[in-house]
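Asker: Once you've had a glance at the structure underneath, I'll fire off some questions.
The values are calculated or read from the model by the stated rules, or taken from the named source; none is laboratory data. It should be emphasised that the depicted structure is a prediction, and the values quoted were computed from it without experimental measurement. A quick note on method: Cβ atoms are made from the backbone with ideal geometry, for glycine too, and the neighbour counts reach across all protein chains shown.
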Amino acid sequence: MDETSMPDQTTETAFTDKGLARDLPKLSVIGLGKLGAPMAAVFACAGYRVTGTDHTADLVDMVRAGTAPFSETDLQSQFSQAGDRLRAVYTTAEAVAESDISFVIVPTPSGPDGLFSNHFLLDAVSAIGAAAAKKDTYHLVVITSTVVPGTTGTDVLAALEASSGKCVGGDIGLCYSPEFIALGSVVRDMKNPDLVLIGESDPKAGDMLEAVYRRTCESNPVSRRMNFVNAELAKIAINTFVTTKISYANMLSGICDALPGADIDAISAALGADSRIGPKYLKGGAAFGGPCFPRDNKALSAFAAHLGIKAHIAEATDALNMDQTDRLVRLLEANHEGPANICVCGLAYKTDTNVTEKSAGLSILLSLRARGHTVWAHDPQVQQRDITSDLTSDLTLHSDLETALKGADALLLMTPWPEYQDVPQKIVARKNPLTIIDPWRLFNADNFEDGVTYIAVGRP
């Protein structure tokens with residue numbers, strides 16, 4: 001099937017009708033990772049019969065036992081509510097055989113060029129196609145993994161048709177429909193999206209998928225249906241637009257640092273009140289991190305370069321974000337001469353998760369150590385096993401905040417955990433001077449006694 005033959009217009013639908021519980025299609029989820037396991041549980045809680053599978057046997061075993069395989073807000077409760085509607089098997093063939101729709105949510109890791117690798121995705125699609133070849137009923141394949149624009153209508157479609165012996169748009173359907181979620185709130189985000197994005201091979205496939213989301217989503221989101229390449233580009237564009245807002249706010253925060261009387265919070269509140277801009281993600285703070293935002297921004301830049309297009313905004317966003325670590329190091333060293341004992345509070349890339357991938361806290365910790373400072377850390381959820389960097393194998397990671405603060409010359413508040421509201425009480429009657437660098441402005445200077453130099457970044 002030639003994607004270019006599809007209509008280029010998009011359709012918009014508001015979700016209102018949840019439909020009846022009877023005669024629901026059976027679903028399979030291929031990949032039970034940090035997004036796949038919640039997806040399977042959410043679908044099952046919406047009344048669907050769901051079969052999950054994964055190459056990692058331990059994940060399958062945990063799902064079979066009704067145990068959430070990851071620490072994620074509300075995930076265990078979803079598993080408990082799902083009951084026997086959610087099961088797991090060890091092979092893709094078995095999952096496909098007992099389902100009508102397969103959701104593929106496997107890793108698409110970034111390559112050296114910044115683009116996404118399709119190796120795992122194409123293996124999964126080929127396995128689905130081989131299983132679908134043995135069925136005499138219609139089967140829909142939904143790609144949820146983030147891909148480079150142009151992937152679904154070319155490599156994925158070709159792999160599916162070759163392995164199944166069926167024609168996409170006829171005996172088998174294909175959709176691209178990514179999730180817009182964040183670790184720590186995956187369940188909530190899946191149930192309450194602002195937008196459902198569907199790239200469809202044909203109206204039958206799109207209708208079938210939209211009906212699943214109509215029943216699953218609680219927020220009555222708008223559905224945008226379009227061809228594959230538009231949906232693929234829209235996914236990356238949405239994420240990179242969000243990172244642009246974050247870096248723009250951090251740029252303004254840097255200007256405020258050098259401008260007496262300026263306050264980034266007052267400025268961003270004014271910007272956010274304009275309906276053309278909006279308040280979300282417009283708060284000066286630390287650098288953005290995590291498994292999605294940094295790589296999506298780089299992928300858009302790399303993909304644009306592949307097309308011969310200059311992605312100046314995406315490149316500037318990335319450069320601004322990378323400078324945030326150096327900016328905080330410069331600020332610390334300007335207020336503390338010589339090597340210091342430094343406590344980094346917050347290694348997770350955001351609150352409500354233990355993921356440290358490309359986090360601002362981990363980045364600044366490594367930078368400070370490289371500059372000769374003695375550095376240790378605290379995080380209320382992160383444990384040593386959650387830190388994947390080989391450079392932190394000898395890191396002292398305290399579980400108790402009061403212990404972590406002892407002996408520190410400086411403190412950097414890198415993740416705005418609610419637990420850090422207790423910092424002023426933890427340092428009462430302290431004898432040694434302490435410098436606090438706070439990109440999130442959790443406190444006011446009058447929260448602290450003499451001897452504490454409190455620097456609210458963006459509010460000099």
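Asker: From G407, G451, G361, grab the single residue that is farther than 27 Å from D263 by Cβ and out of contact with any helix residue (DSSP H, G or I) (no Cβ under 9 Å at 6 or more places or on another chain).
Answerer: Only one candidate qualifies: G407.
Asker: Does V156 count as part of a helix (DSSP H, G or I), out of contact with any Pro (no Cβ under 7 Å at 6 or more places or on another chain), buried (at least 22 other Cβ atoms within 10 Å of the Cβ) and assigned by TED's automatic domain parsing to the domain that holds G33? Please lay out each step first, then the result.
Answerer: On the way: part of a helix (DSSP H, G or I): yes; out of contact with any Pro (no Cβ under 7 Å at 6 or more places or on another chain): yes; buried (at least 22 other Cβ atoms within 10 Å of the Cβ): yes; assigned by TED's automatic domain parsing to the domain that holds G33: yes.
Considered against the rule, which asks whether it is part of a helix (DSSP H, G or I), out of contact with any Pro (no Cβ under 7 Å at 6 or more places or on another chain), buried (at least 22 other Cβ atoms within 10 Å of the Cβ) and assigned by TED's automatic domain parsing to the domain that holds G33, V156 comes out as yes.
Asker: Among what's in the range 186-233 and is among the hydroxyl-bearing types (S, T, Y) and modelled with pLDDT of 95 or more, pick the residue that is surrounded by the fewest Cβ atoms within 10 Å (Cβ to Cβ).
Answerer: Here the answer is Y213.
Asker: Can you tell me which residues in the range 332-347 are small (G, A, S) and touching a Gly at 6+ places or on another chain (Cβ under 7 Å)?
Answerer: Listed by number, the list holds a single entry, G346.
Asker: Would you confirm whether any residue within the range 105-126 is assigned to a helix (DSSP H, G or I), over 27 Å from the mean Cα position of the chain (by Cα) and crowded, with 17+ Cβ neighbours inside 10 Å?
Answerer: no
Asker: So, I342, is that one at pLDDT 95 or above, closer than 16 Å to A404 by Cβ and outside any strand (DSSP E or B) or not?
Answerer: Answer is no for this residue.
Asker: Let me ask another. I'm checking my understanding of the structure. Among residues of the range 371-391 that are outside any loop (DSSP other than H, G, I, E, B) and charged (D, E, K, R), which one is surrounded by the most Cβ atoms within 10 Å (Cβ to Cβ)?
Answerer: The qualifying residue surrounded by the most Cβ atoms within 10 Å (Cβ to Cβ) is D386.
Asker: Scan (1) part of a helix (DSSP H, G or I); (2) surrounded by fewer than 17 Cβ atoms within 10 Å (Cβ to Cβ) for the single condition L328 breaks and write down its number.
Answerer: So the condition that L328 fails would be (2).
Asker: Another question about this same structure. So which residues in the range 259-300 are assigned to a helix (DSSP H, G or I) and over 23 Å from T144 (Cβ atoms)?
Answerer: I264, D265, A266, I267, S268, A269, A270, L271, G272, A273
Asker: Could you pull out the residue among T154, T144, T137 that is in contact with a helix residue (DSSP H, G or I) (Cβ under 9 Å, 6 or more places away or on another chain) and closer than 21 Å to V89 by Cβ?
Answerer: Answer to the check: T144.
Asker: Another question, then. When you go through L174, L209 one by one, which is the residue that is in the same structural domain as K26 (by TED's automatic domain parsing), in a strand (DSSP E or B) and not β-branched (V, I, T)?
Answerer: The unique qualifying residue is L174.
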